[in-house]
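The values are calculated or read from the model by the stated rules, or taken from the named source; none is laboratory data. These numbers were taken from a predicted model, which means no experiment stands behind them. Using ideal geometry, Cβ is built from the backbone for each residue, glycine included, and neighbour counts are taken over all protein chains shown.
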């Protein structure tokens, strides 16, 4: 029986995919506070902050769905070492949270 612990040292890699109705001027402070709360909580549990900034506390990784769709299209359409790394990080991510209204798949 395994406890599903990682065998190697790891750090945080996380992001937020936000509804397309996201308005940075109205909503970003709240989502930044959420990202900070979660990242600080993970750090308190022993998960180090990502030195590369792959965390929702970085604005680039706290974006609406339409922006994420563009990110993936760019990573696939223009492969570079960085785009390969980014696509590898985010294509193996596990989603959690609420599904947008009207989406049941």
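Tabulated results
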| read-out | value |
| --- | --- |
| Residue check for residue 34: within 15 Å of the chain's Cα centre (by Cα), in contact (Cβ under 8 Å) with a residue 24 or more places away in the chain and over 18 Å from residue 91 (Cα atoms) | no |
| Sole exception among (1) at pLDDT 95 or above; (2) out of contact with any strand residue (DSSP E or B) (no Cβ under 9 Å at 6 or more places or on another chain); (3) assigned to a loop (DSSP other than H, G, I, E, B) for residue 94, by number | (1) |
| Segment 21-48 - residue that is surrounded by 15 or more Cβ atoms within 10 Å (Cβ to Cβ) and not in a helix (DSSP H, G or I) and, of those, modelled with the highest pLDDT | 22 |
